[in-house]
Amino acid sequence: MPSLRHTIADDLRTQITTGLLKPGERLPSEPQLATRYKVSTATLRNALALLQAEGLIEKIHGKGNFVRRLRRRLTYEGGALTPIVPTLHVTVRTTQLLAQGTLSALLKVPSRALLTEYLCVSHVGESPHSLARIYVPRDLAPAESSLRWPKPAASGPRIAEIREKVSARLPTSEEASTLRISSALAVLAITRVSADTTGRVVEAALLVLPGDRADARFTTDYTTEDRRAEG
């Protein structure tokens, strides 16, 4: 027998998929829904969490739960100097900080070296789409106006090598809040490190792409010499 939360989720899901509840429409308040379904607020929130994890609704702090509009999918082009992404509105917040721990290791700089952090959040309309934290040694930091996510921030040095690590994981509480996604929705986490022709790391970028709206594509081009070696 289905649990109460699954029964409620099934009913709301049907209303959404049949168009009774339309994209962008605000759901009744949680107390109102709990009264309608004759359940506790906790049970009602568990039901809504199922729909959030499916990407059907989103909760906006201080405003309520809304039927999620169709998300544009973003394809991350791995290995490209300038990955191709859809045209999105990006907000950028700049912070100065001291390198330590993981950042020191990624950028290969001494502990407490001065860095510039760019927190970039892309939006479709008013809804957040993806985020990136880009770290650059202070002496290489560009003007904020020249930054185009996720183009490497250090545009001066010639990029000779890009190393990327891709993994799927659950979002942190901060990421879930910023992106307005369920903490149960997996994200694509990409660690991207760029180095110049001297081997100096000029940028480390930590990208977070929600799994319901992102793909990653990696292409390897073989030269004639590569094919001969394989033969």
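Total residues in the range 80-114 satisfying the condition of being in a loop (DSSP other than H, G, I, E, B), at pLDDT below 90 and closer than 22 Å to Pro142 by Cβ: the figure is 8.
Determine, yes or no, whether Leu103 is of a type in the set (A, V, I, L, M) and either more than 21 Å from Glu164 (Cβ to Cβ) or touching a residue at least 40 places away in the same chain (Cβ under 8 Å) (or both).
Yes; evaluated as a whole, the condition is true for this residue.
Scanning the range 22-32 for residues that are without any contact (Cβ under 8 Å) to a residue 12 or more places away in the chain and assigned to a helix (DSSP H, G or I) yields Pro31, Gln32.
With the requirement that a residue be touching a Leu at 6+ places or on another chain (Cβ under 8 Å) and not β-branched (Val, Ile, Thr), what does the range 204-221 give you? Before you say what the answer is, go through the steps one by one.
Filtering the range 204-221 down to residues touching a Leu at 6+ places or on another chain (Cβ under 8 Å) leaves 204, 207-216.
Those that are touching a Leu at 6+ places or on another chain (Cβ under 8 Å) and not β-branched (Val, Ile, Thr): Ala204, Leu207, Leu209, Pro210, Gly211, Asp212, Arg213, Ala214, Asp215, Ala216.
Among the residues of the range 176-219, the ones that are touching a residue at least 12 places away in the same chain (Cβ under 8 Å) and not in a loop (DSSP other than H, G, I, E, B) come to 28 in all.
Tell me yes or no: at least one residue of the range 45-62 is under 17 Å from Ala9 (Cβ atoms), of a type in the set (A, V, I, L, M), in the same structural domain as Arg26 (by TED's automatic domain parsing) and assigned to a strand (DSSP E or B).
First, the residues of the range 45-62 that are under 17 Å from Ala9 (Cβ atoms): 45-59.
Next, only the ones that are of a type in the set (A, V, I, L, M) stay: 47-51, 53, 56-57.
Then drop every residue that is not in the same structural domain as Arg26 (by TED's automatic domain parsing), which leaves 47-51, 53, 56-57.
Cutting the leftovers down to assigned to a strand (DSSP E or B) gives us 57.
Yes, some residue in the range 45-62 is under 17 Å from Ala9 (Cβ atoms), of a type in the set (A, V, I, L, M), in the same structural domain as Arg26 (by TED's automatic domain parsing) and assigned to a strand (DSSP E or B).
The values are calculated or read from the model by the stated rules, or taken from the named source; none is laboratory data. The model shown is predicted, which means the values in this text are computed figures rather than measured ones. Note: ideal-geometry Cβ built from the backbone for every residue, glycine included; neighbour counts use all protein chains shown.
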